[in-house]
1. Can you give me the three principal axis dimensions of segment H:31-160 from its C-alpha atoms, in Å, biggest first?
2. Taking amide hydrogens as modeled 1.01 Å from N in the peptide plane, which residues meet the under 5 Å criterion relative to A:A33, leaving out close sequence neighbours?
3. With all protein chains present and a 1.4 Å probe, how do H:F31, C:F60 order by accessible area, largest first?
4. Within 10 Å of each candidate Cβ there may be at most 16 other Cβ atoms; applying that plus a DSSP loop requirement, which trypsin sites (Lys or Arg not before Pro) in segment B:48-91 survive?
5. Given the options H:A38, H:G55, H:L7, identify the residue whose Cα lies farthest towards the positive end of the charge dipole of segment H:1-57 (+1 on Cβ of Lys, Arg; -1 on Cβ of Asp, Glu).
6. To the nearest 20 debye, what charge dipole does the protein assembly as shown have about its Cα centre, counting +1 at the Cβ of each Lys and Arg and -1 at the Cβ of each Asp and Glu?
7. Can you give me the long-range amide H partners of A:G94? Hydrogens built in the peptide plane at 1.01 Å from N, cutoff under 5 Å, separation of 5 or more residues or another chain.
8. Whole-Hz Karplus ³J(HN,Hα) for segment B:50-63, in order, using 6.51 cos²θ - 1.76 cosθ + 1.60 and θ = phi - 60°, x for Gly and Pro?
There are 8 protein chains.
Amino acid sequence: MAKISILMGSKSDLETVNETINVLKEFKVSFEAKVLSAHRTPKEVVKYVEVAPKGGTKVFIAAAGMSAALAGVVASHTTLPVIGIPIETKNLKGLDSLLSTVQMPPGIPVACMAIGKSGAKNAALFALEILGLSDARIRVKLLNYKKQMRLKIKKTKIKV
Amino acid sequence: MAKISILMGSKSDLETVNETINVLKEFKVSFEAKVLSAHRTPKEVVKYVEVAPKGGTKVFIAAAGMSAALAGVVASHTTLPVIGIPIETKNLKGLDSLLSTVQMPPGIPVACMAIGKSGAKNAALFALEILGLSDARIRVKLLNYKKQMRLKIKKTKIKV
Amino acid sequence: MAKISILMGSKSDLETVNETINVLKEFKVSFEAKVLSAHRTPKEVVKYVEVAPKGGTKVFIAAAGMSAALAGVVASHTTLPVIGIPIETKNLKGLDSLLSTVQMPPGIPVACMAIGKSGAKNAALFALEILGLSDARIRVKLLNYKKQMRLKIKKTKIKV
Amino acid sequence: MAKISILMGSKSDLETVNETINVLKEFKVSFEAKVLSAHRTPKEVVKYVEVAPKGGTKVFIAAAGMSAALAGVVASHTTLPVIGIPIETKNLKGLDSLLSTVQMPPGIPVACMAIGKSGAKNAALFALEILGLSDARIRVKLLNYKKQMRLKIKKTKIKV
Amino acid sequence: MAKISILMGSKSDLETVNETINVLKEFKVSFEAKVLSAHRTPKEVVKYVEVAPKGGTKVFIAAAGMSAALAGVVASHTTLPVIGIPIETKNLKGLDSLLSTVQMPPGIPVACMAIGKSGAKNAALFALEILGLSDARIRVKLLNYKKQMRLKIKKTKIKV
Amino acid sequence: MAKISILMGSKSDLETVNETINVLKEFKVSFEAKVLSAHRTPKEVVKYVEVAPKGGTKVFIAAAGMSAALAGVVASHTTLPVIGIPIETKNLKGLDSLLSTVQMPPGIPVACMAIGKSGAKNAALFALEILGLSDARIRVKLLNYKKQMRLKIKKTKIKV
Amino acid sequence: MAKISILMGSKSDLETVNETINVLKEFKVSFEAKVLSAHRTPKEVVKYVEVAPKGGTKVFIAAAGMSAALAGVVASHTTLPVIGIPIETKNLKGLDSLLSTVQMPPGIPVACMAIGKSGAKNAALFALEILGLSDARIRVKLLNYKKQMRLKIKKTKIKV
Amino acid sequence: MAKISILMGSKSDLETVNETINVLKEFKVSFEAKVLSAHRTPKEVVKYVEVAPKGGTKVFIAAAGMSAALAGVVASHTTLPVIGIPIETKNLKGLDSLLSTVQMPPGIPVACMAIGKSGAKNAALFALEILGLSDARIRVKLLNYKKQMRLKIKKTKIKV
């Protein structure tokens, strides 16, 4: 019974997606993470998107690079919220992944996060904000997470 | 008791945001729409974000152009989901709004949609997907909406 | 028995795709053109791609804008050549469509043409070059087409 | 009797083009690879493009960087299919090579692949898809290649 | 009694901001530097901006990266001059920070400097030019600084 | 005795610069506006920059498009604050003007505003913020200006 | 006996190239202008470049859009100076033409001007500067041209 | 008596400009190279540009990065040909230098080369092409240089 289903287009995306996973572990929210490619395993993606909700999935997170079709393909097969993480790329520095993920046509929304690790971390937090709407425990943890973040910054000392 | 709170940075953004509003009306989901600017009415934004949840707000939608700080500022004051719509701009065609909205630092997620009207429409649908997680009536309507969209395309005849 | 199958993501793409169609008509090569969206009718796209070869399709041409996933989705379901036309977009002027179409991951090739009408015309010509490899009549017509193009330029008079 | 002729603008492009070559070797399809520059050896390029078809060439692949004119120049002298690989560049990261390769004027098509090694690999696969139209052995190998790719992803285990 | 208040969005920005600090030290002008984030400590930023002028602040300098809202948020709460430093970013190389900092809507000016260390150094010099309007000592030092810079270049010998 | 000296590179820039002028008139602050080009009247620019301070100039505002050297050239001849307005351009939409204005090398600061009319308006306000440091009347007017702006937004009614 | 040979890739480029032509007429320097395309009439371009010097050509000017190979192709066949004018394009606003024209590989220089009409005018002036090195009449006219330009700006009155 | 005057905005540009210098040495053409900055030593630049022709300068080459005003400033003070080399930059990879150098306003031409070392090498060759118009020895050397370049490519062996 995983609440959050994470797909990534390639095993090499895991380095980025670990930022997502670490937050979910910290929040002790159940999740599942798989490598599935919109382009190389299209049928497996569709099947997974259709089956996952029966296993408890409430939110999808999809990470992909270059012509990053994964989040859009997931979104085309579900009415559950889909969060997209544009993976940094070697040549165009993630601009290709970003535009492919964010510029969705009207009718099929994808919630796009920032390129790379910042986006991966925020994908987890955004999924938690969604789950928090009906889960007071998560809501409290999010408030606390934000508070810790604030306190950490407030305590930052710099030597000038 | 509005479920969805829509903020836009300038009255001129309404032409775009009407795409959001029309979808919410079609779905008969309560919403509230206001002009408030992150830069020109910063305190009003904060106050609104803090008060709105007491009035029932579950999801924020923020539309802004240029250095589009609005969605990020809203997100910095809430742990409810915040959806950002980058408004098209005269000179840089919305690239400035897009990067300002999507490139959020780790810790403060914003769900960025496409630039302009496509994004505005999808902001509504994404908010509905979130509300649909705990509202079967919305879920059914979303499935039907998607079905109608599919049927419309399937019936499209082109003359070649 | 259509040799070339043209898909476009939206009816509004037809204005661009007509450049493709006009060339194919001029060459009297059989083709079929349909509106099917990777995001709004994903299953119909897959079904079409699987069935079309049985009807004689040798080459696919896919035109789409914004997060232009159509050509890539077609390519993920076939080993026939797929040609992509990035449709011009209102905000990012087709840069989003171009990067989504051309930046395919290794393993799933798409032959990307130029943005908009230039690309649409060339998509037809490139498909004809492929068919020409086993069809002497098309080869001769292509040589003649190129010759006419050259003669037209050579005869161009400018008044300075 | 090489079926595929590969040109690259500079010896340094070979590191990228090896991705093309390795796929063709794996498929046991005959090919020829040469360093010829549109700008530094323009006459040799033309001569090669005119002679190669007599030696069996069915498809040209041209790799070049910066103002990447090579694929376009090849295309201007043949009606055989020409596939372009935009080489990554030091300063503009291949954006210059991409736009020079893909933005061909109407009349002279070039099938542009992704920037760098992904594009180089796909150039080989796309050439094979073209040859596969009249060669059942290649068609079968392509289906098998795609299947192996799919199986490899399906078997990918990630540790989270 | 600090004349110049420097805020940076993250401790990692200090490497860049040290260029600012070193110039101010060299000019012996009092300053204060703190880590405060527009997104993670929004209330602390507002409070700081409201209180600092009472401590003598005449000019604010704000350094931030990605969706760099900090300078704009500071500017929205003061009518003192605000100078923005767009921090270099990993993926988009500071283009995101630059557009977020410079593309301010009418009514709330931010004086944007170049991306990274060049901008950080110039932020200090620009603040000094402002203070110099009512401080002859700074004016003289600025003239001398510029003269030294000129002399240093004039004395540069290159070996060719 | 003009407090603010405005230079623009071409008469056609006046349409944009009128946004600057209108604010200064509203604030009743003396200013002077001239067409002088860094490239076409370089000596006149230098002479003007050297003479203007004797006439009372405290702040320079320079507006230019394309390779917008004007603000930088002014800055190279003064230690007074220089504010740059990147003029929108026909082809690159002001991106060329923006990068030319903002990417100043270390040592010669220019305070860059947004592209076009937004930036032109803010140039005036930023100049006023600088003058306000030693002019209580301007300070009060700026506070009032900001308050009116806030009130105007607060009173904005939208019909949804 | 034309001193300057102007090539343009398409008749539609003439609107831009007329800026070049008008300057040359004003200077009464002999020139020849032809439509020849690097991609559609490659052999005619080469022949023209080889023959023109015998007719007196000292400088080539080449105007082209999109994947603007013309200037580079001319340069590859001559050691006379070649000036490139990147033509504005519908989608990418001339960025494609600019990068294709300017990013020449080492060994084959092209002197790139600005995009569109500004560049077209400057192409003529730059060609005249080259011819002026051995033609005192042109040198004097250039000095006078520059002086008139300066005087025109100095006399510009603006109403503020 | 130097025929070619090379200016660079900073000593760090020498690494790039050495590509220019090495070609000029190889051609045994007299040149002079100096570090002078448009922004930090504006008067020295003007003086140099005015004096150099008396010492024999026929062509200026100016290399600068970021807001690269140097070539334009040189061009504004001379009617001799000015060649610009956009220096690669840390953040924007030379895109800022390129646009600042190439997008010159009508009336003041600069011949822009490619970003970085390729452009630096071509700046020398382009200057030689200009000098070659009245110097048969240089013309012959250029033809030979081009021939050697061609032969080198023709002899390139690659191992596949």
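1. Its Cα atoms span 53, 40, 27 Å along the three principal axes.
2. A:I6
3. Details: H:F31 45, C:F60 0 Å².
From most exposed to least exposed: H:F31, C:F60.
4. Details: sites: B:K54, B:K58, B:K90; in loops: B:K58, B:K90.
When the trypsin sites (Lys or Arg not before Pro) of segment B:48-91 are filtered for loop state and at most 16 Cβ neighbours within 10 Å, B:K90 remain.
5. The residue sitting most towards the positive pole is H:G55.
6. Values: 200 positive and 88 negative charges, 1 e Å.
Computed charge dipole of the protein assembly as shown: roughly 0 debye.
7. So A:G94 has HN proximity to A:T89.
8. Each residue's phi maps through the Karplus curve to give 6, 8, 3, x, 5, x, x, 4, 10, 9, 9, 10, 10, 10 Hz.
The values are calculated or read from the model by the stated rules, or taken from the named source; none is laboratory data. Quick caveat: nothing in here was measured; it's all calculated off a predicted structure. Positions of Cβ are generated from backbone atoms using ideal geometry, with glycine treated the same way; all protein chains shown enter the neighbour counts. What goes into the accessible areas is simple: the full protein's heavy atoms, side chains included, and nothing from ligands, DNA or RNA. Shrake-Rupley method; radii C 1.70, N 1.55, O 1.52, S 1.80 Å.
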